[in-house]
Amino acid sequence: MKKIVLLVVVLLLLSCTKKQEEGQVFEETMMVMGTIVTVSLYGEDEKRAQKLFHDLLKDFKYMQAAWNPWKKGSLARINQMIPYQEAFSIGPVVKDMVLQATELSKQSEGYFNPAIGQLIKLWGFNKEKLPTGPPPTADQIKAILDKNAQMEDLSFSVLNLKSSNPDVLLDFGAFAKGFGVDRAIEYLKSMEVKNAIINAGGDLRAIGKKGDKPWMIGIRDPRAQAVIAGVSIQGDESVFTSGDYERFYEYEGKRYHHILNPKTGKPADTVRSVTIIHSSAAIADAAATALFVAGPDNWQRIAKKMGIDKVMLIDQQGVIHLTPAIKPRLEFEREGLDIRVAKTFQ
Amino acid sequence: MVTKLTAGDFIVFFISISFVFTLYVLYWGEDQHARHAEIIVSGKKQYILDLNEEKHLEITGKLGKSIIEVSNGQIRFVESSCSSKQCIRSGWISQVNALAACLPNGVSLHLVGPNARFDSINF
Amino acid sequence: MQLRLKASVEDYQIASLAALAIGIHVVEAALPSPIPGIKPGLANIITLIVFALYGIRFAAWVSLLRVFVGSLIIGTFLSPTFVLSLSGVMASLFVLYVYSKFGVELLSLFGLAILMALAHMAAQLIVVYWFFIPHDALLALSPVFMTAAVVFGSLNGYIALKVISKIKCLYPK
C-alpha cells in the first residue's frame, strides 16, 4: 500500500492541469434604429461582452437620431435644405452615406433610388403607423414621378451639398440599416473582436466563427414561418433579404407593400423576396432592394453592374432563381422546390 | 454484500440505457420548434415562458399594455397599445430563433430552444 | 500526562485508500478529455470498494476527502469546478445511502455504480443549468453526458465488483 501511495504522490508532483476555456456565445437584443438589433459575440468573456453591447447601443442610438429623415437629425436637415437649391454644409459621415448611395443608385440603373422620399411620403410608408388605404391615385403618382428625383441631382464640393432638383427627398430606409451594420462591425473589429453577428431586423453581417464551427444562418421562407435554406458563413459576409411581407397594408383585397419601384411609383410586385450574400452590408442592403424592384426580367443585369454574385430570388410563383456562386452555399430545408440556376450569369 | 451480478443490476442497466436513449430523442431531434420564449421589455429580459404551458400574459411597455398568448408550443401578440398593430399581424411563431416584436411599445418575443441549428435568422 | 492519538490499522488503510482516491482524481484531472466535463471518474472505484469493506460512513469520508483535498491540490478549491464536484459527489452519496438502507440485497456494486454515476452527472447538469449557464444548449448536451455516466458507471462498477469479490475470497467478513 505504501508504495502505491508514494507512486501516486510522485505522479501528483509531475502532473499539471490546464482547464480548457469553453467558449460561449453572448447575445444581446436591443430596440434601436427602428427595429430589433441582436448582437452575438463569441470568444469574449462576459464583462467585455457587456461593455461592447453597451457601446454598440450608444452608437446605434446616435445613428438612429442622425439618419432619421423625418424627425430632427442630420438627414432631416439635409432634406430641409435641398429645396432651396443652394449649397449647404453637411457632416462627413452623412456625406459618405450620400456618396455611396449615389454610386449604388447609378449602378442599379435607378432601381435603388433613395431620392424618392416624396413618393414614400405619398404612400404613407414614412410613418411608423402603417397606412390603411386607399392607395394614391395614378395622377398623384404621375405628378411625383414627373419631378424625377434622382441621386445624380446632388453635387458636392468638399463638405457642401447642393441639389439641382428641389424635389429630391432623401429616405435611406433601404440602405441605412446596412450602412449602420457596417459601421458597427468596423467598431467591433477595431476592438479586436474576431467573431460576431449583428442582426438588424433580420438582415445581418457576420465575422469569424463560433469556435470550430462556422456561423449558421437560416433564411426565412417568404411565405411561411420556417427556414427555407441555411447558409454557413465563410469569413466576413452579410446576408440581406428584401421581401414583400415585411411592411404592407391591405385595401379591398389587394396588398400594398413598402418597397416602391421608383420608375412606376408603385410597389414592386414581381418578386416575393431577394436574398443577397456580399461582404459589405450597405451594398447588400441596396442591392437586395434594387434586385427586388428590377424583378425576374432585369435582376441579373443589375446584379452584375452592382458587383453582386450571390443572389437568391424567389418570384411570385415561388420559383427560386439562383446565381451559380450562391448555389453551393445554400442548403435547402425542403424537397420539391423549383430551383433554377441562372446559367447566363457569369 | 452481494459479490455477483444480480437481476437487479441488469434491470438498472437496461433502464439507464432507455433513459439515455430518450434523452437523445428529446434533445437531439431535428425538430426546430422552440421550447421557451424570452420576453424582452425595453432591452431587459423580463420573462421566460415555457411554450408547453397555456398562458395569457399582460405586459406593460413604453406605450402601455401588450397581451401575449401561449398555446400549443406557439406564442403570439393578441393585443397591443401600438397604433400599427404589426406585432399582432405577424401571428403565431414557434420556430427556434424566431422573433416577434411591438417596437413602439418596446416589447419583443424571442424564441429559444435546444436544437437551434442556426445562430441567426435572416428575413 | 501524554496525549497520544493512536491510529488503528483501519485508520491507516482508510487514509491510504483516501490518498489513492485523491491521487487518481488529480491525475485524471490532468488528462485531456475530448469533451470538457466528461471524466472516467476512476476515483469512484475507491469509494465503492471502501463502502463494500468499511460501510457508508467511511465511504462518505473518502469521497468528501477526495473532493476537498483533490481540489486543494489541483487549485480549484471553492471554484465552480469544486462546486460541481461536490454536488455530484453529494448526490451520489445520497444514492449510496439509500442503497445501504434498502438495496443491499437487490443490486451488486455494478448496478449501484450506475445509479451513483447517473445521480452524480444529473446533479452536475442541474447545478450548471441553475447557477452558471441557464441555456437550452445544455439540454442538447445532456444525452452525451448521461451516456458517459452510464458507460463509466458500468465500467467502474464492474471493476469494483471484481476487486471486491477477490478480496472477499481472501478476507471473508
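Take the range B:71-85 and flag every residue that is assigned to a loop (DSSP other than H, G, I, E, B) and over 24 Å from B:GLN32 (Cα atoms).
B:SER81, B:CYS82, B:SER83, B:SER84, B:LYS85
So, of the residues in the range A:23-38 that are under 24 Å from A:GLY178 (Cβ atoms) and part of a loop (DSSP other than H, G, I, E, B), which turns out to be nearest to the other protein chains (Cβ to nearest Cβ)?
The selected residue is A:GLY34.
For every residue, the table says whether it meets (1) closer than 13 Å to A:ILE219 by Cβ; (2) away from chain B (no Cβ under 14 Å); (3) buried (at least 20 other Cβ atoms within 10 Å of the Cβ).
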| residue | (1), (2), (3) |
| --- | --- |
| A:LYS266 | no, yes, no |
| A:THR275 | yes, no, yes |
| A:ASP285 | no, no, yes |
| A:ARG301 | no, yes, no |
| A:GLY307 | no, yes, no |
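How many residues are within 9 Å of chain C (Cβ to nearest Cβ), assigned to a strand (DSSP E or B) and either among the hydroxyl-bearing types (Ser, Thr, Tyr) or surrounded by 15 or more Cβ atoms within 10 Å (Cβ to Cβ) (or both) if we restrict to the range B:1-56?
Going through the range B:1-56 one residue at a time, the tally reaches 1.
Within the range A:271-281, is even one residue among the β-branched types (Val, Ile, Thr), part of a strand (DSSP E or B) and closer than 21 Å to A:THR102 by Cβ?
Within the range A:271-281, one or more residues are among the β-branched types (Val, Ile, Thr), part of a strand (DSSP E or B) and closer than 21 Å to A:THR102 by Cβ.
Which numbered condition in (1) at pLDDT below 90; (2) under 12 Å from the mean Cα position of the chain (by Cα) is the only one that C:ALA117 fails?
Status for C:ALA117: all satisfied but (1).
Are any of the residues in the range A:39-48 more than 30 Å from B:GLU38 (Cβ to Cβ) and either modelled with pLDDT of 85 or more or more than 13 Å from chain C (Cβ to nearest Cβ) (or both)?
No: zero hits.
From the residues in the range A:178-229 that are away from chain B (no Cβ under 14 Å) and of a type in the set (D, E, K, R), which one is surrounded by the fewest Cβ atoms within 10 Å (Cβ to Cβ)?
Of everything passing the filter in the range A:178-229, A:GLU192 is surrounded by the fewest Cβ atoms within 10 Å (Cβ to Cβ).
Which of the helices (runs of 4 or more DSSP H) found entirely inside the range C:42-112 contain at least 1 residues meeting this: more than 18 Å from C:LEU20 (Cβ to Cβ)?
Result: C:56-74, C:80-98.
Looking at the range B:62-73, which of its residues are modelled with pLDDT of 90 or more and surrounded by 15 or more Cβ atoms within 10 Å (Cβ to Cβ)?
If the condition is that a residue be modelled with pLDDT of 90 or more and surrounded by 15 or more Cβ atoms within 10 Å (Cβ to Cβ), then B:SER66, B:ILE67, B:ILE68, B:GLU69, B:VAL70 are the ones that fit.
Among the candidates C:ALA15, C:ALA21, C:ALA30, which residue alone is facing chain A (nearest Cβ under 10 Å), small (Gly, Ala, Ser) and under 11 Å from the mean Cα position of the chain (by Cα)?
C:ALA21
For the range B:45-62, what are the residues that are of a type in the set (D, E, K, R) and under 17 Å from the mean Cα position of the chain (by Cα)?
B:LYS45, B:ASP50, B:GLU53, B:GLU54, B:LYS55, listed by residue number.
Residue by residue through the range A:146-163, note down the ones that are hydrophobic (A, V, I, L, M, F, W, C), free of Cβ contacts under 8 Å to residues at least 40 places away in the same chain and surrounded by 13 or more Cβ atoms within 10 Å (Cβ to Cβ).
Scanning the range A:146-163 gives a single hit, A:ALA149.
Does at least one position in the range B:63-70 carry a residue that is within 12 Å of the chain's Cα centre (by Cα), free of Cβ contacts under 8 Å to residues at least 40 places away in the same chain and outside any loop (DSSP other than H, G, I, E, B)?
yes
Out of the residues in the range A:121-145 that are more than 14 Å from chain B (Cβ to nearest Cβ) and among the β-branched types (Val, Ile, Thr), which is surrounded by the fewest Cβ atoms within 10 Å (Cβ to Cβ)?
Out of the qualifying residues, it is A:THR137.
The values are calculated or read from the model by the stated rules, or taken from the named source; none is laboratory data. Note that the structure is a prediction, hence the values are computed from the model and not measured. Ideal geometry is used to build each Cβ from the backbone, glycine not excepted, and the neighbour counts take in all protein chains shown.
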